[in-house]
Amino acid sequence: MGEGAWSDGLFEAGLGDPEVAALVGWPARVARMVEVEAALGRALAAAGVISAAAADAIGDACDLDRIDLEDLAARAARAATPVIPLVQVLTEGADPVGAAWLHHGATSQDVVDTAVVLQVRDALDHLDARLAETSHRCAMLAREHAATVMAGRTLGQPAVPITLGLKAARWTAALDRRREVFAWLRPRVLVVQLGGAAGTGAVWGEHGRGVAVGFADELGLGLPDLPWHAERDRVADLAGALAAVAGVVEHVATDLVLLAQAEIGEVREAAGDGPGSSAMPHKRNPVHAAAARAAARLARGDCQVLADAAAGHEHERAAGAWQAEWVALPSALVRTAGALRRLDAALAGLEVDEARMRHNLDANLGLTGSEALAAALTPLLGRRDAQALVGELARRAAEESRSLHDIAGADARVAAVLDTSVLTATLAPEAAVPGATGLVERALAAHDQLVDRLGGT
């Protein structure tokens with residue numbers, strides 16, 4: 001339970017976000033648990049359960065300066081929860097009134113869960129800002145390259161022409177949808193946990209609801225209808241949202257890695273400060289995109305632990321599943337933010353080789369225009385015959401290593417129904433641009449509306 005107890009040391013490799021690590025690590029966890037204990041004291045006083053003097057005494061006892069984090073971590077490792085030694089430390093030497101009422105009626109899970117929710121609130125703020133930054137960078141790329149023609153690729157093979165702007169617009173939209181999910185998730189996840197020993201709040205009697213209302217108000221969190229000690233759907237929802245962010249990040253990073261392959265060479269990351277390879281000086285590896293993929297995979301692994309744990313909470317409190325959350329949730333938050341951080345770095349200063357994009361289209365013998373040619377011939381020959389003819393022409397182009405334009409232009413069946421100028425215009429990669437740019441414009445308009453609603457750049 002020490003400061004780096006859940007960390008595997010890979011922050012040095014750039015697979016996490018140090019800012020989020022500071023928000024969800026052990027020192028922050030202890031600070032939040034102390035904050036929760038003090039807030040509970042004030043809520044008890046406001047509800048008339050204890051006196052204002054007792055609440056003040058509890059507040060005095062909740063002094064972080066009295067806590068040795070390493071010692072507390074060692075003691076927590078031997079206890080069922082970190083709250084047991086925490087309460088012991090806070091009450092040692094405290095005013096007798098404060099010591100008598102501190103933690104009154106609460107259970108350890110109330111304190112841990114609520115402290116974690118406070119940490120999650122801070123982390124979600126940071127994650128949303130990261131999403132907004134990365135989405136903005138993708139939107140800039142979409143605007144700049146709305147009409148930059150490149151090969152679309154399906155199942156790893158050249159398909160039909162698209163534009164880089166359309167690809168970036170899709171990235172933008174996917175990241176924006178993650179922001180919308182976070183906005184939906186916040187009021188559902190950012191709620192207090194307060195139910196006492198087994199979720200009944202029996203110790204507070206008729207004051208139970210008042211204590212819970214005051215507790216939530218003190219911490220600026222929502223108040224759930226019921227304690228959720230064993231119902232971890234909120235945690236599962238959060239895990240799903242984080243896993244989806246990691247999935248989007250890895251998708252974009254994978255596109256960047258593939259487009260940067262030497263055989264394709266259509267984009268590459270800005271040159272770094274050091275060599276791209278320890279053994280091969282000529283290499284310029286996509287280091288940020290690779291790190292983004294790695295961090296995203298680590299995050300999804302943590303999220304799977306959380307999803308599995310949500311199903312394993314037995315009766316009124318889990319033995320094992322809950323404790324697994326203590327490690328997996330902060331790690332998932334740190335890794336997801338780290339993946340976004342490295343993806344943003346990959347996109348920053350991304351070098352786009354438009355000439356190489358056109359070269360790759362031409363090197364494919366113009367076959368990416370086969371769909372457009374079949375569509376042009378369909379009204380003249382019927383769909384079945386048009387498809388069969390273009391399929392035959394495409395096979396010949398590949399076999400003879402000649403462009404589809406040359407093969408089609410020399411074919412009497414095509415010449416009988418299409419002028420050469422129409423054929424040329426149909427097979428030009430730029431023919432795909434009007435439809436693509438329209439989609440880009442729509443996506444960017446939606447992006448701007450989302451920024452107006454949720455904030456960001």
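The values are calculated or read from the model by the stated rules, or taken from the named source; none is laboratory data. Quick caveat, the model's predicted, so the values are computed rather than measured. As a convention, Cβ positions derive from the backbone with ideal geometry for all residues, glycine included, and neighbour counts pool all protein chains shown.
Where residues in the stretch 274-307 are among the small types (Gly, Ala, Ser) and modelled with pLDDT under 60, which of them is surrounded by the most Cβ atoms within 10 Å (Cβ to Cβ)?
Checked the stretch 274-307; the qualifying residue surrounded by the most Cβ atoms within 10 Å (Cβ to Cβ) is GLY276.
Checking the conditions here, which among GLN193, GLN261 is of a type in the set (S, T, N, Q) and either in contact with a strand residue (DSSP E or B) (Cβ under 7 Å, 6 or more places away or on another chain) or more than 22 Å from ILE50 (Cβ to Cβ) (or both)?
That would be GLN261, the only listed residue that is of a type in the set (S, T, N, Q) and either in contact with a strand residue (DSSP E or B) (Cβ under 7 Å, 6 or more places away or on another chain) or more than 22 Å from ILE50 (Cβ to Cβ) (or both).
For residues that are closer than 13 Å to HIS104 by Cα and either surrounded by fewer than 17 Cβ atoms within 10 Å (Cβ to Cβ) or at pLDDT below 95 (or both), tally how many sit in the stretch 49-61.
1
Look at LEU347 and say whether it is within 30 Å of ARG268 (Cα to Cα), surrounded by 13 or more Cβ atoms within 10 Å (Cβ to Cβ) and in contact with a Lys or Arg (Cβ under 6 Å, 6 or more places away or on another chain).
Spelling it out, LEU347 is indeed within 30 Å of ARG268 (Cα to Cα), surrounded by 13 or more Cβ atoms within 10 Å (Cβ to Cβ) and in contact with a Lys or Arg (Cβ under 6 Å, 6 or more places away or on another chain).
Is one or more of the residues making up the stretch 195-209 assigned to a helix (DSSP H, G or I), among the β-branched types (Val, Ile, Thr) and surrounded by fewer than 20 Cβ atoms within 10 Å (Cβ to Cβ)?
yes
Going by the conditions given, is PRO379 loosely packed, with under 12 Cβ neighbours inside 10 Å, farther than 20 Å from LEU166 by Cα and free of Cβ contacts under 8 Å to residues at least 40 places away in the same chain?
yes
Among the residues of the stretch 210-222, which ones are surrounded by fewer than 17 Cβ atoms within 10 Å (Cβ to Cβ) and either within 26 Å of the chain's Cα centre (by Cα) or not assigned by TED's automatic domain parsing to the domain that holds ALA321 (or both)? First the steps, then the outcome.
Just the residues of the stretch 210-222 that are surrounded by fewer than 17 Cβ atoms within 10 Å (Cβ to Cβ), to begin with: 210, 213, 217, 220, 222.
The answer is GLY220, GLY222.
Among what's in the stretch 80-128 and is buried (at least 23 other Cβ atoms within 10 Å of the Cβ) and either charged (D, E, K, R) or not assigned by TED's automatic domain parsing to the domain that holds LEU221 (or both), pick the residue that is nearest to the chain's Cα centre (by Cα).
Among residues in the stretch 80-128 that are buried (at least 23 other Cβ atoms within 10 Å of the Cβ) and either charged (D, E, K, R) or not assigned by TED's automatic domain parsing to the domain that holds LEU221 (or both), the one nearest to the chain's Cα centre (by Cα) is ASP113.
For residues that are among the polar types (S, T, N, Q) and part of a helix (DSSP H, G or I), scanning just the stretch 392-436, find the one that is surrounded by the most Cβ atoms within 10 Å (Cβ to Cβ).
THR426
With respect to ALA230, is the statement that it is closer than 15 Å to VAL181 by Cα and modelled with pLDDT of 95 or more true?
no
Which of the residues that make up the stretch 231-253 are crowded, with 18+ Cβ neighbours inside 10 Å, touching a residue at least 60 places away in the same chain (Cβ under 8 Å) and over 11 Å from the mean Cα position of the chain (by Cα)?
ARG232, VAL235, VAL252, ALA253
So is VAL257 part of a helix (DSSP H, G or I), over 29 Å from the mean Cα position of the chain (by Cα) and buried (at least 17 other Cβ atoms within 10 Å of the Cβ) or not?
So VAL257 fails the test.
Considering only residues that are more than 12 Å from ASP176 (Cα to Cα) and hydrophobic (A, V, I, L, M, F, W, C), which ones fall in the stretch 431-444?
Selection gives ALA431, ALA432, VAL433, ALA436, LEU439, VAL440.
Just to be sure I understand the filter: pairs with C-beta atoms under 6 Å, separated by 6 or more residues or on different chains, first member in the stretch 438-449 and among the β-branched types (Val, Ile, Thr), second member surrounded by 12 or more Cβ atoms within 10 Å (Cβ to Cβ) and not in a helix (DSSP H, G or I). Which pairs pass?
Partner pairs satisfying both residue conditions: VAL440/ALA146.
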